Amino acid sequence: MPTDTLTITDNRTGKTYEIPIENGCIRTHALRQIKVSNDDFGLMGYDPAFLNTANCKSAITFIDGDKGILEYRGYPIEQLAEQSSFLEVAYLLLNGELPSPKQLEEFQFLVTHHTYVHENVKTFMDGFRYDAHPMSMLASTVAALSGFYPDAKHTKDEQSRRIQITRLIAKMPTIAAFSFRHSMGQPYIYPDNELSYVANFLAMIKRIGTSTYKVHPTLERALDVLFILHADHEQNCSTTSVRTVGSSEVDPYSAVASGVAALYGPLHGGANEAVLRMLRGIGHVSKIPEFIKQVKSGEGEKKLMGFGHRVYKSYDPRAKVIKRVAHEVFDVTGKNPLLEIALELEKIALQDEYFVKRKLYPNVDFYSGLIYEAMGFPVEMFPVLFAIPRTVGWCAQWEEMVKDPEQKIARPRQVFTGSTRRDYVAMDKRK
Ligand code: SDX
């Protein structure tokens, strides 16, 4: 009768071990019993970049990379993008269930009434160079919030956790908009509590003077859908940063700031900015074959930005939705000339053996930048537009980690490859 165990024979000693299999995993710590002598430390698992290592149990987001499936708390992303709103999805990710009308109204009220930041945050942000990248401003300013809310260190207190999470979700658009306005040399626009979450953000970005800024409903809905699509994605690089930093029991502002920093990287959330720069660099559909040749030859370490994924080995389901939203946005803003290059690039890449063999498909970042550019955002703001919604996922994952009795401070081991023990050499004795 097969049992859920792994039988391991250590050929160095001939000993056999039965390791339990749970949830398709073995506890790597169970390998420590495999020793060649009593003073042997025992075996460890070695998995650089965690290619095949689960560092937590989570009930928030499910991804099937081969089937291109993404579900938030069991709900397919396609249905949420079609029928839900970002704040409703935020409630779902944080609480595990879709809200009742009253619960959603209360949640929206709370978020709306925490959008202001302390006036000193403006002074803090004025200290950045005029051309500072908004992601560096966002990461620093989010970290600085821990200085404004010292009660945030009570991470074991549910009430304190929830108020900090509300503040983070509410203030991220404000800080993001202030970062943009700073880089444009324009005065900050304060939040307007009469507007929706997305309309308020767009107004803080675009409003000039005291005139009311009318948000085009198609663009407001498009950004709301993009926020839904970017809200969470299980244990990606930035979420792993938030969980790891948060495991030291630091406040959530400091933990989320580490997530912003990780997302800034061009291999992660910075990819949408890199896609636009890549498309601009290609310049014309006639130049695509040459570019593809450079990517395949590894010339200049060029990558097809917006393609490939650690988990998705098929089309990223979010990219399919974004492609549809792109056409709706371009009906309003006019088509982005780079779209033609992107569509042709995708067509060629999906037929090319190099990309097919490596299962490289468009990911969430391939088309999103085209929409942001059509909406008038500079490329530097693209990763910021990723960080705003991902704040919900970071907070949900952080709180799940805090409440998980199996979690403790993250402290991996290493395989030491350095010098064996040696004595200090006085300066006059060195070669
Ligand atoms: C996000 O984890 C998440 O969930 C992230 C995210 C989220 O929502 O949080 O989905 C958001 O970060 C999406 C990914 C955005 N990044 C990019 O678009 C940058 C370009 N993509 C690559 O850098 C890469 O595909 C990664 C980083 C996304 C994944 O890299 P992996 O899993 O470490 O894979 P790899 O680098 O080992 O690549 C395997 C092979 C290599 O070739 P060989 O050594 O086998 O010859 O595929 C090649 C790579 O060189 N390859 C690419 C490529 N991506 C991988 N070649 C050309 N262009 C690419 N984009």
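The values are calculated or read from the model by the stated rules, or taken from the named source; none is laboratory data. This is a predicted model, so every value here is computed, not measured. Using ideal geometry, Cβ is built from the backbone for each residue, glycine included, and neighbour counts are taken over all protein chains shown. Quick note on the areas: whole protein, heavy atoms, side chains included, nothing else; ligands and nucleic acids left out. Shrake-Rupley method; radii C 1.70, N 1.55, O 1.52, S 1.80 Å.
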Q. Is there any pair linking a residue in segment 180-201 that is touching a residue at least 60 places away in the same chain (Cβ under 8 Å) to one that is in a loop (DSSP other than H, G, I, E, B) and open to solvent by less than 50 Å² (accessible area, probe 1.4 Å), with Cβ under 6 Å and at least six apart or on different chains, and which?
A. Pro191/Thr115; Asn200/Pro191; Asn200/Asp192
Q: Check Glu406, Glu399, Glu340, Glu328 and return the single one that is open to solvent by 90 Å² or more (accessible area, probe 1.4 Å) and under 25 Å from Asp232 (Cα atoms).
A: Glu406
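Can you list the helices (runs of 4 or more DSSP H) lying wholly within segment 283-395 that have 3 or more residues being closer than 23 Å to Leu87 by Cα and more than 10 Å from the ligand (Cβ to nearest atom)? Reasoning before the result, please.
Values: elements: 288-297, 317-333, 337-351, 353-357, 364-374.
By residue number, 317-333, 364-374.
Taking the stated definitions as given, is Gly259 surrounded by 24 or more Cβ atoms within 10 Å (Cβ to Cβ), in contact (Cβ under 8 Å) with a residue 60 or more places away in the chain, near the ligand (Cβ under 9 Å from one of its atoms) and under 25 Å from Glu373 (Cα atoms)?
On the way: surrounded by 24 or more Cβ atoms within 10 Å (Cβ to Cβ): yes; in contact (Cβ under 8 Å) with a residue 60 or more places away in the chain: yes; near the ligand (Cβ under 9 Å from one of its atoms): no; under 25 Å from Glu373 (Cα atoms): yes.
For Gly259, the condition - surrounded by 24 or more Cβ atoms within 10 Å (Cβ to Cβ), in contact (Cβ under 8 Å) with a residue 60 or more places away in the chain, near the ligand (Cβ under 9 Å from one of its atoms) and under 25 Å from Glu373 (Cα atoms) - is not met.
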Q | Residue list for segment 109-157, restricted to those being modelled with pLDDT of 95 or more and of a type in the set (Phe, Trp, Tyr) | A | Phe109, Tyr116, Phe128, Phe148, Tyr149
Q: Could you please let me know if Thr212 is more than 28 Å from Gln83 (Cβ to Cβ), away from the ligand (no atom under 16 Å from the Cβ) and open to solvent by 10 Å² or more (accessible area, probe 1.4 Å)?
A: yes
Q | Scan of segment 292-308 for residues that are out of contact with any Leu (no Cβ under 8 Å at 6 or more places or on another chain) and either at negative phi or at pLDDT 95 or above (or both), ordered by number | A | Lys293, Gln294, Lys296, Ser297, Glu299, Lys302, Lys303, Met305
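When you look at Val142, is it buried (at least 19 other Cβ atoms within 10 Å of the Cβ), of a type in the set (A, V, I, L, M, F, W, C) and assigned to a loop (DSSP other than H, G, I, E, B), yes or no? Steps first, answer last, please.
Numbers: buried (at least 19 other Cβ atoms within 10 Å of the Cβ): yes; of a type in the set (A, V, I, L, M, F, W, C): yes; assigned to a loop (DSSP other than H, G, I, E, B): no.
No, not satisfied.
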Q) Can you name the residue in segment 264-282 that is more than 18 Å from Ile348 (Cα to Cα) and open to solvent by 50 Å² or more (accessible area, probe 1.4 Å) and is also nearest to the ligand (Cβ to nearest atom) among such residues? A) Leu267
**Q.** Residues being touching a strand residue (DSSP E or B) at 6+ places or on another chain (Cβ under 9 Å) and either within 19 Å of Leu219 (Cβ to Cβ) or among the polar types (S, T, N, Q) (or both) - total across segment 352-388
**A.** 1
